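Visitor: Would you mind keeping the following structure in view while I ask a few things?
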């Protein structure tokens, strides 16, 4: 990354969906295996399990002076409540990525809907790895982490005995994201402004 470049990803959903684990694996892949500057933060709703949770990964080409996301480039929303609560920090040309089975009302047309929970169930028999399906898609769509580094981070972070299931889920998310044609998304309002200047 260029030294002045900063890229912000927010993972969001409810407690128990593995949002924080996904963000930690992403940050680990970016920092430990790809040698970029990275900062990872998280916060829980008051109810913890079942309440809103978010975790952020800030990636930069130089040391990071402020650790939290200010202007989000990519927002993952694993349910409607998280989408509604956290959408407002998304940049005009940012990308919203949602679990299509759990988010029906999209606040922007610059969005990608993938049935993460359904894919997890079909691929592994367990919905609980929907977070890893989502991580694979987010990693691919952001283009900010090597998929090799991401998998190494995943294998070093998940509980022993679950590596194969988690890896399978990660690859399913990457495969699904590769089907998305980002050039077909509407241009942002900012792009239109640029044309008029």
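Visitor: What order do you get for 107-113, 21-27 when each peptide is scored by the mean count of other beta carbon atoms within 10 Å, highest first?
Guide: Taking the mean over residues of other Cβ atoms within 10 Å, the ranking is 21-27, 107-113.
Visitor: If you stretched the chain out fully between residue 160 and residue 126, how much longer would it get, using 0.36 nm times the residue separation minus the C-alpha to C-alpha distance?
Guide: 10.6 nm
Visitor: Kindly rank 58-66, 162-170 from highest to lowest mean number of other beta carbons found within 10 Å of each residue.
Guide: Packing proxy ranking, top to bottom: 162-170, 58-66.
Visitor: Here's a follow-up. Read through the labelled values (1) 1.12; (2) 0.97; (3) 1.18 and report the label of the one computed as Cα Rg over 2.2 N^0.38 Å from the structure.
Guide: Structure-derived value, by its label: (2).
Visitor: By per-residue mean of other Cβ atoms within 10 Å, what is the highest-first order of 76-87, 133-144?
Guide: Packing order, densest peptide first, comes out as 133-144, 76-87.
Read the figures in this text as sums done on the coordinates, not as results from a lab. Everything numeric in this text was worked out from a predicted model, so none of it was measured. Glycine also receives a Cβ, built like all others from the backbone with ideal geometry; neighbour counts cover every protein chain displayed.
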